[in-house]
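Report on the structure given below.
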Ligand SMILES: [Zn+2]
């Protein structure tokens, strides 16, 4: 059904669950022998089951993920003089972020491979997604999170019922991050648990779910890819997986060209942008000075895969200040009716920066992956509400308001 190929040595396997090459530890790429077909009888990501690493689609665990809207920008497209601007609303997924596409594939594989539980690290959206699908499948889970996880995200995770532990210094110290993953791999192997981390280098099978965003967008644009795709980037896996999606769609003859991929990071936490600008591999940065939750990774596990996608696609990398992100978040809500979390809004902030610098001309078809819904970060949501006063009135005053328009 699918094959695993090491990108470093000559190791290959016809399927299986290896998340890294057993010979050399290299990155394992997943490819498919069967033709790419779309099953129009199935909803969301399962329409593309021919390109997902499950033996039997009957094992699918679903909450209705995928099939999210691609909205052409209205007022913002006119205001920016970019009529081809589009927004992919990943906040419309069941737990409010694109991570559901990954969790659905990961938990479905857990069921198919007979694992007893899942274990994951996450600061929020991935944890909520994996916990929700775990609850749906009725399997227990262990989530290892940061000490300073956003309160709304943590509340959502706890509601689904996994065991949650906060790891001291996780998210501050790249060495703790590496050790956490290594220890997680060890307990998963010895307990027959499934390790679900939303990085291609750690959980390549589950991450196949993310590429379905690109498939959908090509279909939603009537069989054309966008010219430029803007993606918020923390670990780099979403951008790398999205690029894989476009490549597979073209290999199947469904589009005849590929888009330019743009990695968007927050200025205070931008190891991938720094590496791109310097023309070198991604190196961990000393600390994170951005408040944009969800993309605060100082040592991006898929950073070099993301760089490769930028190179291969003729793309680029942009860092945006937090203030520009908050403005973009408010604009999305007020001008388009789209309530997105700050991490998602970085994409629009980057489009603005590229229009200002002339990197975008204005005649391109541009798609922004809006990765999560606004409820994910209630501190930022309250910030948007500041300056909008709520006046207290008496009931009789309502008629007078109507008369004055
Ligand atoms: Zn190898």
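Quick note: the coordinates plus some simple rules give every number you see, no bench work behind them. Just so we're clear, the structure is a prediction, and the values are computed from it rather than from any experiment. When we count neighbours, we look across all protein chains shown, and the Cβ atoms used for this are built from the backbone with ideal geometry, even at glycine.
Below, the figures for the structure above:
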{"quantity": "Per-peptide average of other Cβ atoms within 10 Å, ordering 56-68, 183-195 highest first", "calculated": "56-68, 183-195"}
{"quantity": "Fluctuation leader among 149, 350, 251 - the chain, Gaussian network, Cα springs under 10 angstrom", "calculated": "251"}
{"quantity": "Base-10 log of normalised Debye intensity for region 310-356 (one unit scatterer per alpha-carbon) at q = 0.27 Å⁻¹", "calculated": "-0.93"}
{"quantity": "For region 24-183: relative contact order, % (alpha-carbon pairs under 8 angstrom, 6 or more apart)", "calculated": "16 percent"}
{"quantity": "Two-decimal log10 I(q)/I(0) for region 204-280, as the Debye equation yields it once each C-alpha is a single scatterer, q = 0.26 Å⁻¹", "calculated": "-1.18"}
{"quantity": "Compactness of region 199-238 - radius of gyration and Dmax, Cα, Å", "calculated": "11.8, 34"}
{"quantity": "Equivalent ellipsoid semi-axes - Cα gyration tensor, region 204-362, angstrom", "calculated": "23, 20, 15"}
{"quantity": "Packing-based order for 388-397, 2-11, 101-110, 301-310, using average beta carbon neighbours within 10 Å, highest first", "calculated": "101-110, 301-310, 2-11, 388-397"}
{"quantity": "Residue-averaged [θ]222 nm for the chain, counting only DSSP H segments that reach four residues, each worth -39500 (n - 2.57)", "calculated": "-11500 deg cm²/dmol"}
{"quantity": "Length-normalised contact order for the chain - Cα pairs under 8 Å, 6+ apart - percent", "calculated": "16 percent"}
{"quantity": "Taking 338, 30 and counting other C-beta atoms within 10 Å, the order from fewest to most", "calculated": "30, 338"}
{"quantity": "Cα convex hull of region 12-83, projected area averaged across orientations, nm²", "calculated": "8.5 nm²"}
{"quantity": "Whole-Å distance, taken between Cα centres, linking region 316-356 and region 67-141", "calculated": "20 Å"}
{"quantity": "Pairwise centroid distance, computed over Cα atoms, of region 1-60 with region 264-287, Å", "calculated": "30 Å"}
{"quantity": "Alpha-carbon Debye profile of region 117-249, log10 I(q)/I(0) at 0.20 Å⁻¹", "calculated": "-1.17"}
{"quantity": "Where the Cα pairs of the chain fall when distances are cut into 10 Å bins, in %", "calculated": "5, 23, 34, 25, 9, 3, 1, 0"}
{"quantity": "Fewest-first ranking of 160, 98, 215, using other Cβ atoms within 10 Å as the exposure measure", "calculated": "160, 215, 98"}
{"quantity": "Gyration tensor (alpha-carbon) shape descriptor, region 109-187, a/c threshold 1.5", "calculated": "oblate"}
{"quantity": "Shape category assigned to region 1-128 from the gyration tensor of Cα positions, a/c cut at 1.5", "calculated": "prolate"}
{"quantity": "For region 289-405: Kirkwood Rh in Å [reciprocal of mean 1/r, alpha carbons]", "calculated": "16.9 Å"}
{"quantity": "Whole-number percent relative contact order across region 135-253, with pairs defined as alpha carbons under 8 Å at least 6 apart", "calculated": "18 percent"}
{"quantity": "Residue 173 versus residue 394: modelled label distance in nm, points set 7 Å from Cα along the beta carbon direction", "calculated": "6.3 nm"}
